[in-house]
Structure formats: structure tokens, C-alpha cells
Amino acid sequence: MIEQLSFEDLKNKFNTNKSFKLGTYIIGGLIAAVVVYFSYRQFIWGPANEKSNDGWWVALNYITKDSTDQAIRVLEPFVKSNDGKTGGEIAQYLLATQYMEKGKFSAALNMLDGVNLKDTYVSTMSIGLQGDCYSQLKKYNDALSSYTQAADKEDNEFTTPMYLFKAGLVCEQLNKKADAAVHYQRIKDDYPNYASTKTIDRYIARCATK
């Protein structure tokens with residue numbers, strides 16, 4: 001049976017029972033923390049997160065006009081002030097692409113490594129772009145790891161064969177022709193439309209030569 005206590009009983013127990021008092025403080029603190037958290041999410045973080053989605057459009061306009069320096073000038077402070085918000089994460093991805101345009105592949109890697117988005121497409125592209133950066137830096141083993149991860153993250157007709165193809169090219173750079181042939185053959189078997197644009201049989205044959 002649950003003990004039925006009046007307000008006066010609870011008050012007396014709180015004043016005289018140290019364990020009860022401590023438990024009350026702990027439970028009260030937990031309740032307060034939950035209330036603060038959800039209030040913050042609803043009234044502060046939520047609106048700020050939504051607002052962050054508006055900011056990167058300015059930079060995107062510069063990107064479409066090939067104004068890389070202007071885009072970087074807009075994106076760098078925006079990323080810093082919106083870290084952790086959805087718009088800030090998208091801005092990080094865009095800033096990384098602009099660093100790549102400038103040949104700053106290490107800086108781009110730092111940006112891409114921090115991108116954290118639920119959007120599967122952008123997440124996949126972020127991993128694939130890391131592979132591109134590693135390739136440019138001639139870190140082919142790291143590039144191969146990124147490409148295979150990107151290829152397997154979300155099976156579709158666009159990103160999967162594209163990153164399988166890049167994985168094959170990197171395997172050739174590493175003189176792993178048998179592995180390259182496996183990637184090319186998978187493209188031929190599973191993604192015939194992409195295979196036809198790349199004349200994939202030519203790559204398979206190239207890996208078969210001694």
C-alpha cells in the first residue's frame with residue numbers, strides 16, 4: 001500500500017528525514033532539468049535552428065555564380081555562429097566545397113569531418129568528398145576507405161555507382177587491380193545505366209591485363 005500523506009505530513013517528513021529530503025532534492029532537480037531542456041528546445045533552440053536555415057542561401061547564391069571567395073567570406077562566420085544547428089551543418093558542407101575549389105583540401109577535410117546531418121544524401125556526399133580530398137592529397141588508402149563507405153551508405157542509382165567507380169580508380173592507383181575489377185563489375189551488374197556512361201567494360205578489361 002502506498003503511504004497516504006497530507007501536506008503537513010510531507011512537510012514534517014521533509015524537515016526531519018534526511019534521506020527523504022535528499023531524494024526530494026534529486027527528484028526535483030531532475031524534473032527541473034527536464035523542464036528547462038524541453039523549454040530550451042521549444043522556445044530557444046527550435047526557432048534559432050529554423051532561422052539558421054535561412055542564412056546559407058546567401059552563400060549558395062555566390063557559389064552558383066562561381067564567386068568562391070565571396071562565398072567563403074559569408075560562410076566562415078556563419079558556420080561559427082551556427083555550429084550544431086541544421087543550417088550551420090549545411091553551411092559547413094558548403095564551406096568545405098569552396099575550400100576544395102581553392103585547393104585547401106586539409107581545411108575541407110576538417111569541415112567535412114564535422115558535418116552531422118540526418119539528410120542521407122548530404123551525409124553520403126560529405127563522406128565521398130572526403131575521399132576526393134584524400135585523393136588530391138595522394139592519401140589513396142584513406143580515399144578508398146571513404147569511397148567504399150560512401151558507396152555502401154545509401155544504395156541508389158546516383159551516389160553508389162559514382163563512388164564505386166572512384167573506389168575502382170583508387171584501387172588502380174594502389175595497384176590493386178583485382179579489387180578495382182570487383183568494383184567495376186558491381187557497377188556493370190547492378191547499375192547498368194551508369195555503367196554505359198562510363199563504358200565500364202573498358203575498365204574491367206584494363207584490370208584484367210597483366
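Things worth noting here:
- Candidates are the residues of region 142-157 that are free of Cβ contacts under 8 Å to residues at least 24 places away in the same chain and in a loop (DSSP other than H, G, I, E, B); the one that is surrounded by the most Cβ atoms within 10 Å (Cβ to Cβ) is Asn156.
- For region 186-210, a residue qualifies if it is surrounded by fewer than 19 Cβ atoms within 10 Å (Cβ to Cβ) and in contact with a Pro (Cβ under 6 Å, 6 or more places away or on another chain), and exactly one does: Tyr194.
Quick grid of which residues meet (1) exposed (fewer than 14 other Cβ atoms within 10 Å of the Cβ); (2) more than 21 Å from Ser123 (Cβ to Cβ):
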| position | (1), (2) |
| --- | --- |
| Ala59 | no, no |
| Ser67 | no, yes |
| Gln70 | no, yes |
| Lys80 | yes, yes |
| Gly87 | no, no |
| Ile90 | no, no |
| Ala96 | no, no |
| Tyr99 | no, no |
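- Hits in region 121-158 (condition: of a type outside the set (A, V, I, L, M), within 25 Å of Asp189 (Cα to Cα) and under 8 Å from the mean Cα position of the chain (by Cα)): Thr124
- Scanning region 158-185 for residues that are touching a residue at least 24 places away in the same chain (Cβ under 8 Å), surrounded by fewer than 19 Cβ atoms within 10 Å (Cβ to Cβ) and more than 25 Å from Leu112 (Cβ to Cβ) yields Lys177, Ala178.
- For Ala107, the criteria (1) surrounded by 22 or more Cβ atoms within 10 Å (Cβ to Cβ); (2) under 24 Å from Asp69 (Cβ atoms) hold in every case but one, which is (1).
- Which listed residue, of Ser106, Ser123, is modelled with pLDDT of 90 or more and either out of contact with any strand residue (DSSP E or B) (no Cβ under 9 Å at 6 or more places or on another chain) or in a helix (DSSP H, G or I) (or both): Ser106
The values are calculated or read from the model by the stated rules, or taken from the named source; none is laboratory data. Computed from a predicted model, the values in this text were never measured in an experiment. Cβ: placed from backbone, ideal geometry, glycine included. Neighbour counts: every protein chain shown.
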